[in-house]
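A.B. asks: The structure's right below; bear with me while I get my questions together.
No value in this document is a laboratory result; all are computed from the given coordinates. Note that the coordinates shown come from a computational prediction; the quantities given were computed from them, not determined experimentally. Glycine gets a Cβ as well: all are built from the backbone with ideal geometry, and neighbour counts include every protein chain shown.
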Amino acid sequence: MNQTRLKSASVSNSAKLTVIFILAIGSVFLSFFLGRYSISPKEVFLLVRERLFDMPAGLADSSATVFFNIRLPRVISAFLVGAMLSLSGSVYQSTFKNPMVSPDILGATAGAGFGAAIGLMLNAGSVGVQAFSFSFGLIAVLMTYVIGVVIGDKRNMTLSLVLTGLVVAALFEAMISLIKYMADPYSKLPAITFWLMGSLASTTYKTLPLILIPFLIGGVPLFFLRWKINLLSLSDEEALSIGVNITALRRIIIICATLMTSSVVSVSGMIRWVGLIIPHIARMIVGPDNKVLLLASVLLGGTYLLLVDDVARSMTAMEIPIGILTAIIGAPFFLYLIYRQRSKRQ
Amino acid sequence: MSFKFDHLSCGYHGKAVIEDICFELNAGEVVCILGPNGIGKTTFFKTAQGFLPPIVGKVCINGIDIARMARKDIAKQIAYVPQTKGQPFDYTVFDMILMGRASFVGNFSAPSDKDRDICIRIMEDMGMTHLQNKLFTEISGGEQQLVLIGRALVQQPKFLMMDEPTSNLDFSNQVVLLKKVNALAKMGIGILMITHSPDHALICADRVALFSKDKRVLIGSPKEVISAETLLTAYGVHVRLVSLKDDAYEINTCVPII
């Protein structure tokens, strides 16, 4: 009887994952049709058939251009960016034993923002800006980790990492302000400001590998370690006594999550709140077991950012930076989470 | 099977708080650790599990220095039952217990059906099957303490280290826990338990280690170690030891004089 009850719990979780998966697929298709240039489901079918089987679709060339060269890479990028932010948020939250932690906790976002600002200032071109951004994201987290290990309390590594992360992020934020202050107010300053707002407008096929490859390099190890990540949410001594090599496990997770966060920021700018809020929603639906949670986070994060991006690019004549929208949606939702935690305690 | 402390001195930054601990915990034996707050009982526990390097001496399991053992292998010999405290995430009781199988799970995999079966069996043995789908954060302190013992037992350890397991429990749960300690010892598990109650040591200990202010540890049978003089030296409290004897029981208890 116990066996069946346990199985039924996992069946309901796989049912939930199936629903989430169908929603994700649905949102991808929906996003194909939406936009300034609307393409009907029938046109999408004809265009794909033309491309795959060489059967003439009989549509204007512009439809094919919009669909294959602009919309398809944009949809894939939006989904991947959302998935990666939410995945790294989930694993950071478990690793730092704190459900209120977001992927920028170790300074990756601020570092990447600073890198991009330098790149824009130096006219480094889009690839150059991404390279600067990605490198400084990694440098910021490395700084946090090394300083945290050297000066922090060895018995409470998570706290010292979080605190050093705060300091490193503040430092990079200050340097971003410094660059903005020095930048040419007519050309460079607007470019930096817009970049920092976060947008997927510059994603193309060229930028796709820049996020797809880190997604695979970072995501695959996390997928295989997903049950072990649970163990890090115990206190360090409990985890050690159970037989977990916490230092190695934590290091692998931080490397994977940082790789994903930095690459996302380098392509799309600062899109905040996704990595904080989506893991929460996923946890409400499937529970805290990372074995199921990580997959739910990936699918929900992708779906969420894709839908928000649809709004960003089709609601008004001029595209709204997506970072603004995620913050507008995220801030009240965060208040709701605080309220929910309070009512749960009482 | 032995868990041996060989002239062990424990402390932080090269400064010993407790010195020259020398004893061996055998299979099926209960050793209670008594001593005032801040005397180094927890420091000793940390050193005994290898979280803290010894200042002098060593800790050995079956003759092997734990400093040279992998965490995984230590976990298969010694399990630790911490005091209950908050959990940041709402894991179910079953998920919490399953975590105890970590040392048996491969580096990049998840627990197998065999691991789950062992957890189910131990939950049945402990009579807490009804808790399995409840959230760990929502059950009582007494139930949480039992779950943590269950999690330690699925490690299938030879030795169990318990840090004040009765401290958050009401009177009846303290009795449940002490019974459990005796039952586990009968099954052959060696138990090292920190307690604040000399009475608990008198009830279930085979031997008592009293940590006192001169950094020394007094080890022996409960009757030898727990006396009015030793407790006065250790705690600075006057106590009277009372022995009640009838046909069925001999009860020893220790009452402070205030």
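A.B. asks: With a ≥ b ≥ c taken as the square roots of the eigenvalues of the C-alpha gyration tensor of chain B, please select rounded if a/c is under 1.5 and otherwise prolate if a/b is larger than b/c or oblate if it is not?
C.D. replies: Cα axes put chain B in the oblate bin.
A.B. asks: So who's got an amide H within less than 5 Å of the one on residue B:209, skipping anything under 5 residues away but keeping other chains? H placed 1.01 Å off N, in plane.
C.D. replies: So residue B:209 has HN proximity to B:32, B:33, B:34.
A.B. asks: Sticking with this structure for a sec: Select from A:240, A:166, A:335 the residue whose mean-square fluctuation is largest in a Gaussian network model of chain A (Cα-Cα springs shorter than 10 Å).
C.D. replies: Of A:240, A:166, A:335, the Gaussian network model singles out A:335 as fluctuating most.
A.B. asks: How much FRET efficiency would the formula 1/(1 + (r/R0)^6) give for residue B:224 and residue B:129, where r is the Cβ-Cβ distance and R0 is 45 Å, rounded to 0.05?
C.D. replies: Calculated value: 0.60.
A.B. asks: Listing B:42, A:144 from the residue with the fewest other Cβ atoms within 10 Å to the one with the most, what is the order?
C.D. replies: In increasing order of surrounding Cβ atoms, one gets B:42, A:144.
A.B. asks: Over the stretch A:12-345, how many pairs of lysines fall under 15 Å by alpha carbon, counting only those 8 or more apart in sequence or from different chains?
C.D. replies: Lysine pairs meeting both conditions in the stretch A:12-345 amount to 4.
A.B. asks: Compute a Gaussian network model of chain A, connecting alpha carbons closer than 10 Å, and tell me which residue from A:152, A:218, A:107 fluctuates the most.
C.D. replies: Evaluated over chain A, the most mobile residue of the options is A:152.
A.B. asks: Tell me whether the protein assembly as shown comes out rounded, prolate or oblate; compute the Cα gyration tensor, take square roots of the eigenvalues as a ≥ b ≥ c, and use a/c under 1.5 as the rounded threshold.
C.D. replies: prolate
A.B. asks: Name the long-range amide H neighbours of residue B:11: under 5 Å, sequence gap of 5 or more, or other chain; modelled H, no Pro or chain starts.
C.D. replies: B:17, B:55
A.B. asks: Would you mind getting me the FRET efficiency between residue A:186 and residue B:15? Use the beta-carbon distance for r and R0 = 60 Å, nearest 0.05.
C.D. replies: 0.40
A.B. asks: Each residue of the stretch B:232-239 in order: what ³J(HN,Hα) in whole Hz does its phi give by Karplus 6.51 cos²θ - 1.76 cosθ + 1.60, θ = phi - 60°, with x for Gly and Pro?
C.D. replies: 5, 5, 6, 9, x, 10, 7, 10
A.B. asks: Now for a separate question. Going by how many other Cβ atoms sit within 10 Å of their own, how do B:146, A:178, A:46 line up, fewest first?
C.D. replies: With the sparsest Cβ surroundings first, the list reads A:178, A:46, B:146.
A.B. asks: Next up: Please tell me the relative contact order of chain B in percent, rounded to the nearest whole number, where contacts are Cα pairs under 8 Å and at least six residues apart.
C.D. replies: 24
A.B. asks: Okay, moving on. Once fully extended, how much extra length lies between residue B:113 and residue B:140, figured as 0.36 nm per residue of separation less the alpha-carbon to alpha-carbon distance?
C.D. replies: Result: 6.9 nm gained on full extension.
A.B. asks: I've got another one for you. If you find the alpha carbon centre of the stretch B:3-38 and of the stretch A:284-338, how far apart are they in angstrom?
C.D. replies: 53
A.B. asks: For a quick check: with amide H placed at 1.01 Å from N, whose amide H comes under 5 Å from residue B:160's, ignoring anything fewer than 5 positions away on the same chain?
C.D. replies: B:79, B:190, B:191, B:192
A.B. asks: Could you compute the FRET efficiency for residue B:237 and residue A:235, with r as their C-beta to C-beta distance and R0 at 30 Å, rounded to 0.05?
C.D. replies: Efficiency, rounded to the nearest 0.05: 0.40.
A.B. asks: Additional query: Under a plain spin-label model, where a point goes 7 Å from the Cα along Cα-to-Cβ, how far apart in nm are residue B:62 and residue A:36?
C.D. replies: According to this spin-label approximation, the distance is 7.2 nm.
A.B. asks: Which net charge results when you count Lys and Arg as +1 and Asp and Glu as -1 among the other residues whose beta-carbon is under 9 Å from that of residue B:99?
C.D. replies: Within the 9 Å Cβ shell, the charges total 0.
A.B. asks: Using 32 Å as the Cα-Cα cut-off, could you pick out the over-long pairs in B:4/B:85; B:58/B:114; B:58/B:245; B:186/B:245?
C.D. replies: Violating the 32 Å limit, Cα to Cα: B:58/B:114; B:58/B:245.
A.B. asks: A follow-up question, please. Over all residues in B:104-117, what is the mean tally of Cβ atoms on other chains that come within 10 Å of each residue's Cβ?
C.D. replies: The shielding value for this peptide is 3.
A.B. asks: In addition: Quick one: Cα centre-to-centre distance for the stretch B:221-242 and the stretch A:48-100, in angstrom?
C.D. replies: With the stretch B:221-242 and the stretch A:48-100 each reduced to a Cα centre, they are spaced 73 Å.
A.B. asks: Before rounding to the nearest 500, sum -39500 (n - 2.57) across all DSSP H runs of length at least 4 in chain A and divide by the residue total; then give [θ] at 222 nm in deg cm²/dmol.
C.D. replies: Only helices count here, giving -26000 deg cm²/dmol.
A.B. asks: While we're looking at this one, here's another question. Using the basic label-point model (7 angstrom from Cα toward the beta carbon), what is the residue B:206 to residue A:12 distance in nanometres?
C.D. replies: It works out to 4.6 nm between the two label points.
A.B. asks: Moving to a separate point now. Through the Karplus equation 6.51 cos²θ - 1.76 cosθ + 1.60, θ set to phi - 60°, convert the phi angles of the stretch B:136-148 into ³J(HN,Hα) values in whole Hz; use x for Gly and Pro.
C.D. replies: Residue by residue, the stretch B:136-148 yields 4, 6, 9, 8, 6, x, x, 5, 4, 4, 5, 4, 5 Hz.
A.B. asks: Could you please state, rounded to a whole Å, how far the C-alpha centre of the stretch A:253-282 is from the C-alpha centre of the stretch B:78-96?
C.D. replies: For the stretch A:253-282 versus the stretch B:78-96, the Cα centre distance is 28 Å.
A.B. asks: Have a look at A:271, A:105, A:70 and tell me which one the Gaussian network model of chain A (Cα, springs below 10 Å) gives the largest fluctuation.
C.D. replies: For chain A, modelled as a Gaussian network with Cα springs under 10 Å, the answer is A:70.
A.B. asks: Could I ask something else about it? Take A:145, A:205 and order them by how many other Cβ atoms sit within 10 Å, fewest up front.
C.D. replies: A:205, A:145
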